[in-house]
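Please treat every number below as a calculation from the coordinates, not as lab data. What you see is a predicted model, and the numbers here were worked out from it, not measured in a lab. Don't worry about glycine lacking a Cβ; one is built from the backbone with ideal geometry, like all the others, and counts go over all protein chains shown.
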Amino acid sequence: MAKANRKSPARSKRPAATPDANLLADLMQWATAAGADAADALYVNGESVSVSQRLGEREKLESSEGRDLGLRVFVGKRQAFVSSTDFSPAALRTLAERAVDMARAVPEDPVCGIAPEGLLAHDWPDLDLDDKRRRPSAKTLLALCAETEDAARAVKGVTNSEGAEAAWGRTSVMLAASNGFSGGYRRSGYSLSCAVVAGEGTGMERDYEWSSSVHFDDLMAPAKVGRNAGKFVVERLNPRKAPNARLPVVYDRRVSGGLIGHLAGAINGRSVARGTSFLKDRMGQRIFAAGIRILDNPHRKRGLGSRPFDAEGLPTKRYAVVDDGVLTTWLLDLAAARQLNLAPTGHASRGTSGPPGPTTSNFYLEKGKPSVDELIADIKSGLYITDLIGFGVNGVTGDYSRGASGFWIENGKRAWPVSGITVAGNLKDMFLNMTAANDLQFKSSTNAPTVRIEGMTIAGS
């Protein structure tokens, strides 16, 4: 049904038992003793610090540390969820008993249940998700903010600043289940952003730049974040209205990932099982133009969406979700797989207070062959979008309507800024008429290069 990774990354052995793992193992025993037929538990321990400054003055300094635990128990085909921040043995025993009592009182769910042992991950790849640096000081993060904002304000035409923000975090995750699964990993994260204003009075415009990464060394340089923010906002000054027309529309890579995000929602197994996806009957059919390939790769080293195993203890692997334009798989956790009578795909994700659900990992449209300049070179008139507003997307029908701003394309070039535009179409048609440029950049967990879509409706006045 789906195409897996052609070459598996190096595997890591299951780590030795830790105090957290032992705690979860005890919790499984207490849940079973209280009457549960099966159980699983997720432990999350995180710390973070974030700072911001505006016009050279510090505006925010926030720091947090906390841990949380979520327990899910099964009594027959009934399940219940409880969470706690109290990790004392007495409290966790009571938690297990309360969860079992709750499970006995709820209606049956025919598709609930943990994984059979034969489906479990027994080892997993080392994805380099923790850069192991010490927690940065507030002074260090403020220095990043200062360099970023100074670079943005130095761009000619920038008249004000909404500030720069820098943040760091590290999270430890541990999952255990009564089927014998036990595993965990740590993830670090850094982010840096800046938003500035150009122009005066009613002619003011706002724009931004940002960067996020697992390792500090992969973060965009602060001066570049600032310069980009300043450049982007100055380019937006003195926008015009666009004409009403049906023309090619180009989505800059800053916003094109949203289109791929709509695909992820449409191939979510829960939506497909409920019949609420506009792609529910399109498995094995062409939904994109020939040559288009969209991947979900949880094993990308240092990836912002990478994970060595899923939230139900199943192995994860690389999928070509769309291959040569053809839809090859749904995103399935155990429950969605049971509803659709299919094998799970290892896409479960969850928090500590609810059940798993299918999600993507590192989800991206592969880069195409043309450069951005080549992509727009033959467009006599069209729209180049750099910013989107609103959420006018119908996941049942695929109807699409969003507010937009960007640049008018004239004779193959970006000609002048435009704003106050609405672009509309249907995602089924948009996907089939999409062409990708060669400028893919991994800035989040969902990414796409600049893309061109033929024949969209533009309303500019």
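Residue-wise HN-Hα couplings along the range 54-64, as the Karplus relation 6.51 cos²θ - 1.76 cosθ + 1.60 with θ = phi - 60° gives them from phi, are 9, 6, x, 10, 5, 10, 8, 9, 10, 9, 8 Hz; Gly and Pro carry x.
Compactness of the range 207-364 is given as radius of gyration and Dmax, 19.0, 56 Å, from Cα positions.
If one computes P(r) from the Cα atoms of the range 360-461, what percent of pairs lie at distances over 20 Å?
Counting every Cα pair in the range 360-461, those more than 20 Å apart make up 43 percent.
A convex hull fitted to the Cα coordinates of the chain yields 155 cubic angstrom per residue. At what distance in angstrom do the alpha carbon centres of the range 251-266 and the range 57-89 lie from each other? Here the two parts' Cα centres lie 31 Å apart. Take every pair of alpha-carbon atoms less than 8 Å apart whose residues are at least six positions apart; their mean separation over the length of the chain yields a relative contact order of 16 percent. Given bins 5 angstrom wide, list per bin the percent of all Cα-Cα distances in the range 132-277, short to long. Here the calculated profile for the range 132-277 is 2, 8, 12, 12, 13, 14, 13, 10, 8, 5, 3, 1, 0. Entry note, the chain: the mean residue ellipticity at 222 nm calculated from DSSP H runs of n ≥ 4, each adding -39500 (n - 2.57), is -6500 deg cm²/dmol after division by the residues and rounding to the nearest 500. Distance from the alpha carbon centroid of the range 343-387 to that of the range 154-188 works out to 20 angstrom. Among bridges DSSP assigns within the range 225-371, what percent are antiparallel (round to 5)? The antiparallel fraction comes to roughly 90 percent.
Counting charges near Ser371 (Lys, Arg +1; Asp, Glu -1) among other residues having Cβ under 15 Å from its Cβ returns a value of +1.
The phi torsions of the range 213-218, fed into the Karplus equation with coefficients 6.51, -1.76 and 1.60 and a -60° offset, translate into couplings of 7, 7, 10, 4, 5, 8 Hz, rounded to whole numbers, with Gly and Pro shown as x.
Axis angle, to the nearest 10 degrees, between helix 138-153 and the longest C-alpha principal axis of the chain: 20 degrees.
Of all DSSP-defined beta bridges confined to the chain, some 95% are antiparallel rather than parallel. Remark: the range 381-386, residue by residue, has Karplus-estimated 3J(HN,Hα) of 9, x, 10, 10, 8, 10 Hz, where x stands for each Gly or Pro and the curve is 6.51 cos²θ - 1.76 cosθ + 1.60 at θ = phi - 60°. Take every Cα pair under 8 Å whose residues are at least 6 apart in sequence, average their separation, divide by the length of the range 230-326, and the relative contact order is 23 percent.
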